[in-house]
1. I'd like to know if the range 52-60 contains one or more residues that are within 11 Å of the chain's Cα centre (by Cα) and closer than 25 Å to residue 6 by Cβ.
2. Return a yes/no flag: does the range 18-36 have any residue that is more than 14 Å from the chain's Cα centre (by Cα), more than 18 Å from residue 113 (Cβ to Cβ) and free of Cβ contacts under 8 Å to residues at least 40 places away in the same chain.
3. Find the residue count for the range 77-87, including only residues that are surrounded by fewer than 20 Cβ atoms within 10 Å (Cβ to Cβ) and within 22 Å of residue 10 (Cα to Cα).
4. I'd like to verify a number: residues in the range 33-76 that are outside any strand (DSSP E or B), touching a strand residue (DSSP E or B) at 6+ places or on another chain (Cβ under 6 Å) and either at pLDDT below 95 or loosely packed, with under 12 Cβ neighbours inside 10 Å (or both), how many?
5. Take the conditions over 13 Å from the mean Cα position of the chain (by Cα), surrounded by 15 or more Cβ atoms within 10 Å (Cβ to Cβ), within 20 Å of residue 123 (Cα to Cα) and touching a residue at least 12 places away in the same chain (Cβ under 8 Å) and apply them to residue 15. Does it pass?
6. Residues that are surrounded by 21 or more Cβ atoms within 10 Å (Cβ to Cβ), touching a strand residue (DSSP E or B) at 6+ places or on another chain (Cβ under 9 Å) and on the phi < 0 side of the Ramachandran plot: does the range 88-97 have at least one?
7. Go over the candidates 25, 81 one by one and state the one that is at pLDDT 90 or above and in a helix (DSSP H, G or I).
8. Considering only residues of the range 99-125 that are out of contact with any strand residue (DSSP E or B) (no Cβ under 9 Å at 6 or more places or on another chain) and outside any loop (DSSP other than H, G, I, E, B), which is surrounded by the most Cβ atoms within 10 Å (Cβ to Cβ)?
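The values are calculated or read from the model by the stated rules, or taken from the named source; none is laboratory data. If you're wondering where the values come from, they're calculated on a predicted model, not measured in any experiment. All Cβ positions, glycine included, derive from the backbone under ideal geometry; neighbour counts span all protein chains shown.
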């Protein structure tokens, strides 16, 4: 389902479909790595190109100062951060926003496999031309 209002909505819709497939089948309470691997399989079945545990460099004034470890990078456009907390924490959303800003990736999703599933979408306005 494509929504022209949101950047990469076709991709993020499929990511959310994969998220709920995994949540409904696996549930909550497992290690984060279980969800990352399960999401990668679900995304593969939805024909999404993805890489897991990918590292992207962070630059300051042209020099590399560190790396961001991304749980899942989808279609070279969307950063997916996986959490397994009781509820989404503001800190996780803030970290995702900073990762987007420093990596110049435009869209990120925070997917939480808590008692109640949750998700947040973040957009890096500075990366959008």
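1. Within the range 52-60, one or more residues are within 11 Å of the chain's Cα centre (by Cα) and closer than 25 Å to residue 6 by Cβ.
2. Within the range 18-36 (the criterion being more than 14 Å from the chain's Cα centre (by Cα), more than 18 Å from residue 113 (Cβ to Cβ) and free of Cβ contacts under 8 Å to residues at least 40 places away in the same chain), the answer is no, since none of the residues qualifies.
3. 1
4. The total comes to 0.
5. On the way: over 13 Å from the mean Cα position of the chain (by Cα): no; surrounded by 15 or more Cβ atoms within 10 Å (Cβ to Cβ): yes; within 20 Å of residue 123 (Cα to Cα): yes; touching a residue at least 12 places away in the same chain (Cβ under 8 Å): yes.
So residue 15 does not fit the description; no.
6. Yes, the range 88-97 contains at least one residue that is surrounded by 21 or more Cβ atoms within 10 Å (Cβ to Cβ), touching a strand residue (DSSP E or B) at 6+ places or on another chain (Cβ under 9 Å) and on the phi < 0 side of the Ramachandran plot.
7. None of the others qualify; the one that does is 25.
8. 101
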